[in-house]
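Below is one structure, written out as structure tokens; the observations come after it.
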Amino acid sequence: MSESPQRRVRVVSPRTDAPRTPPRRPVARDIDEQTSIGEVYMRSLLRAQLRLGIGVCLIFTVLIGGLPLLFTVEPDLADVAVLGVPLPWLVLGAGVYPVLIAGAWLYIRQAERNEQVFADLVERS
């Protein structure tokens with residue numbers, strides 16, 4: 001006695017005619033097509049980058065602009081010489097550049113972090 005092979009049974013959902021949820025629209029597409037939602041996302045990125053740029057400029061202005069004010073308020077500092085070079089010349093000629101380089105490096109790190117947060121937000125949505 002040989003058994004006959006069983007036929008395959010196809011199982012189908014009883015709700016085949018139920019309304020389907022529309023597919024989610026990716027945020028990257030909204031940005032590319034410049035929709036209002038895409039504009040909101042881009043505006044938030046630009047606002048974060050602008051806030052960072054203004055903050056760095058203000059810090060540099062206070063630090064570098066404050067040096068001549070410091071030497072004006074404390075005239076005794078202007079008389080100090082290091083290896084025959086007056087202190088104001090030394091500070092403004094050589095001491096400012098490491099500060100500018102460090103500030104630029106920190107600015108780039110923070111700007112890239114802002115962009116990464118934005119990219120993660122776009123991918124999640």
Cβ pairs under 6 Å, 6+ apart or interchain, first in region 82-94 and within 19 Å of Gly65 (Cβ to Cβ), second of a type in the set (Gly, Ala, Ser), ordered by first then second residue, are Pro88/Ala78
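One line per residue, one yes/no per condition, for (1) in a helix (DSSP H, G or I); (2) closer than 30 Å to Val122 by Cα:
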{"position": "Arg10", "(1), (2)": "no, no"}
{"position": "Ile31", "(1), (2)": "yes, yes"}
{"position": "Val40", "(1), (2)": "yes, yes"}
{"position": "Ala48", "(1), (2)": "yes, yes"}
{"position": "Ile54", "(1), (2)": "yes, yes"}
{"position": "Phe60", "(1), (2)": "yes, no"}
{"position": "Pro68", "(1), (2)": "yes, no"}
{"position": "Phe71", "(1), (2)": "yes, no"}
{"position": "Leu90", "(1), (2)": "yes, no"}
Condition (residue is of a type in the set (A, V, I, L, M, F, W, C), in contact with a helix residue (DSSP H, G or I) (Cβ under 9 Å, 6 or more places away or on another chain) and open to solvent by 50 Å² or more (accessible area, probe 1.4 Å)) applied to region 3-16: is it met by at least one residue?
no
Could you tell me whether region 77-95 includes any residue that is among the aromatic types (Phe, Trp, Tyr) and at pLDDT 90 or above?
no
Is it true that some residue in region 61-79 is within 19 Å of the chain's Cα centre (by Cα) and open to solvent by less than 40 Å² (accessible area, probe 1.4 Å)?
no
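Looking at region 54-76, which of its residues are within 14 Å of Leu100 (Cβ to Cβ) and among the aliphatic types (A, V, I, L, M)?
Val56, Ile59, Val62, Leu63, Ile64, Leu67
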Please identify the pairs in which a residue from region 43-65 that is without any contact (Cβ under 8 Å) to a residue 60 or more places away in the chain and on the phi < 0 side of the Ramachandran plot has its Cβ atom under 8 Å from the Cβ atom of a residue that is small (Gly, Ala, Ser) and outside any helix (DSSP H, G or I), counting only partners at least 6 apart or on another chain.
none
Just checking, does region 102-122 include any residue being outside any helix (DSSP H, G or I), open to solvent by less than 100 Å² (accessible area, probe 1.4 Å) and charged (D, E, K, R)?
no
Just the residues that are open to solvent by 70 Å² or more (accessible area, probe 1.4 Å) and on the phi < 0 side of the Ramachandran plot, please, taken from region 80-101.
Trp89, Leu92, Tyr97, Pro98, Ile101
I'm checking my understanding of the structure. Among residues of region 29-60 that are more than 19 Å from Val117 (Cβ to Cβ) and open to solvent by less than 50 Å² (accessible area, probe 1.4 Å), which one is modelled with the highest pLDDT?
Phe60
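The values are calculated or read from the model by the stated rules, or taken from the named source; none is laboratory data. The structure presented is a predicted model; accordingly, all values stated were derived computationally and were not measured. Counting neighbours? That spans all protein chains shown, and the Cβs are built from the backbone with ideal geometry, glycine included. Just the protein is used for accessible areas: all its heavy atoms, side chains included, with ligands, DNA and RNA removed. Shrake-Rupley method; radii C 1.70, N 1.55, O 1.52, S 1.80 Å.
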